[in-house]
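Taking it in order: structure first as structure tokens, then the write-up.
The values are calculated or read from the model by the stated rules, or taken from the named source; none is laboratory data. All of these numbers come straight from a predicted model, not from anything done at the bench. Here Cβ is always computed from backbone atoms with ideal geometry, including for glycine, and neighbour counts include all displayed protein chains.
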Amino acid sequence: MKSSSTGRRRKARPTEGGRVTRPVVLALAVLLVVVSTVTGYLLLSHENDLAAAVSPAKDPGPSAEPEWDGRTKVLGDGSTSYTGPQEGTLKPVRLKPGEKPPQFVVFSWDGGLEGSDHLFSHYRELAKQYDAHMTFFLTGIYLLPKAKKDLYHPPQHSPGAAAIDYATDEHIRETLEQLRAAYEDGNEIGTHFNGHFCGAKGGGDWSVQEWKSEIDQFYSFVEHWKTNTGYKDIDPLPFDFKKEVTGGRAPCLEGQKNLLKAIKGYGWRYDASSAGDFQIWPAKKDGVWDFPLQMLPYESGKYQGLSMDFNFLYNQSDGETQGNPAEFPKWEQQTVDSYMAGFNRVYYGSRAPLFIGNHFEDWNGGIYMRSIDQVVKNVCTKKGVKCVSFKELADWMDVQTPQTLARLRTLDPAQSPDWSSVVK
Ligand SMILES: [Zn+2]
């Protein structure tokens with residue numbers, strides 16, 4: 001079992017993003033009243049969502065979304081609206097006996113800021129071009145103006161503190177545009193939470209209650225950008241964050257244990273915070289799909305490393321965000337080769353979904369971004385491949401039989417089975 005996945009795990013530290021950030025510490029007051037009101041509504045609405053998500057298990061048709069009257073409903077302060085079920089997303093279908101599963105590939109982005117690098121729009125457009133959907137894990141404080149940062153009360157840190165920079169007002173505006181377009185293109189908006197705290201006093205040290213506070217504040221920021229920014233000229237976003245956000249990735253992949261307990265009341269479908277696993281078919285953990293980053297063959301299989309830009313950086317330039325430029329072409333090729341080796345292993349093998357996580361960054365001259373560009377072009381065009389969001393994958397997993405899922409779970413990544421013995 002898993003023999004094809006073993007290997008030395010040199011320096012492949014299961015973490016992400018920590019080095020690009022710097023702490024900002026300031027103190028002020030918070031609108032607890034707003035937060036607690038929002039929480040009450042959240043709990044109610046998510047119980048309904050949960051019931052809806054559980055019911056269609058027998059019939060692999062569209063999920064039991066409450067009947068929509070065809071009218072746009074503006075929500076709250078006009079920051080968001082409900083415009084009906086999202087269009088253009090994957091219709092989940094149960095596998096027929098003997099059918100080979102599609103090769104799912106999920107590209108996911110931590111942060112989701114449209115900054116001066118314009119990487120959010122770049123990947124949104126690339127996805128569109130290659131008929132792919134992606135998951136954008138939005139950082140909640142990217143919709144909170146810096147002038148209002150004291151509204152954020154991070155667990156174990158002073159009000160307004162964050163380990164990442166707040167967005168400029170202009171970038172908030174541009175991020176809103178991209179969120180709107182991303183949703184309309186069929187992509188998923190998830191959460192990367194707020195302050196991006198890692199290590200001591202980060203998510204790994206947070207209680208269940210503290211994680212809930214972080215989640216409630218995420219919803220509060222993204223649902224009140226209109227009040228907080230004062231932008232009256234921008235239309236409400238075309239989706240309801242309470243329905244749209246059904247999973248996330250914890251900063252630095254820290255704290256999943258308490259996070260999984262914290263998300264119970266919100267009706268979330270999956271979590272992508274696991275610190276890494278082999279390329280095997282996913283299972284549920286605490287009632288939600290566990291979609292981890294995965295161990296890929298690095299440097300022609302000399303060892304296995306995680307499917308994330310930070311981990312390539314860590315191995316190639318010892319975590320220096322700008323290493324030796326003479327090495328960039330070689331490192332870029334190594335990165336593409338690792339992704340492709342991981343892809344080919346399952347594409348010609350077990351068909352376990354491939355998960356790739358990345359940030360919008362320019363490390364080592366932008367080689368990790370260019371690597372993803374190449375991988376998208378290489379894999380999303382292949383026969384039988386579906387480049388989907390985590391939410392679409394959760395939908396698909398949910399309509400398969402438990403027996404099929406259990407048999408898929410027994411496959412080694414490179415094992416190409418007789419599908420009639422797996423899918424019955
Ligand atoms: Zn991150």
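Take Y303 and decide whether it is away from the ligand (no atom under 15 Å from the Cβ), on the phi < 0 side of the Ramachandran plot, of a type in the set (S, T, Y) and within 18 Å of the chain's Cα centre (by Cα).
On the way: away from the ligand (no atom under 15 Å from the Cβ): yes; on the phi < 0 side of the Ramachandran plot: yes; of a type in the set (S, T, Y): yes; within 18 Å of the chain's Cα centre (by Cα): no.
Considered against the rule, which asks whether it is away from the ligand (no atom under 15 Å from the Cβ), on the phi < 0 side of the Ramachandran plot, of a type in the set (S, T, Y) and within 18 Å of the chain's Cα centre (by Cα), Y303 comes out as no.
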Looking only at the stretch 367-424, filter to residues that are surrounded by fewer than 17 Cβ atoms within 10 Å (Cβ to Cβ) and β-branched (V, I, T); which one of those is nearest to A326 (Cα to Cα)?
T381
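Among the residues of the stretch 331-344 satisfying the criterion of being of a type in the set (G, A, S) and crowded, with 20+ Cβ neighbours inside 10 Å, which is farthest from N311 (Cα to Cα)? If you could, list the steps in order and put the result at the bottom.
Here is the first cut: in the stretch 331-344, the residues of a type in the set (G, A, S) are 338, 341-342.
Next cut, crowded, with 20+ Cβ neighbours inside 10 Å only: 338, 342.
Values: S338: 12, G342: 15 Å.
Filtering first and then ranking leaves G342.
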Among (1) out of contact with any Phe, Trp or Tyr (no Cβ under 8 Å at 6 or more places or on another chain); (2) without any contact (Cβ under 8 Å) to a residue 60 or more places away in the chain, where does D398 come up short?
(2)
Select from the stretch 167-212 the residues that are under 19 Å from S79 (Cα atoms) and among the aromatic types (F, W, Y) and write down the one among them that is nearest to the ligand (Cβ to nearest atom).
F193
With the first residue restricted to the stretch 319-333 and required to be at pLDDT 95 or above, and the second required to be in a loop (DSSP other than H, G, I, E, B), Cβ contacts under 9 Å at 6 or more apart or on different chains are T321/E361; T321/D362; Q322/D362; G323/S317; N324/S317; E327/S317; W331/S317; W331/G323
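Can you find a residue that is touching a helix residue (DSSP H, G or I) at 6+ places or on another chain (Cβ under 6 Å), buried (at least 21 other Cβ atoms within 10 Å of the Cβ) and part of a strand (DSSP E or B) anywhere in the stretch 345-352?
No: zero hits.
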Exactly one condition in (1) charged (D, E, K, R); (2) touching a His at 6+ places or on another chain (Cβ under 8 Å); (3) on the phi > 0 side of the Ramachandran plot is false for D318; which is it?
(2)
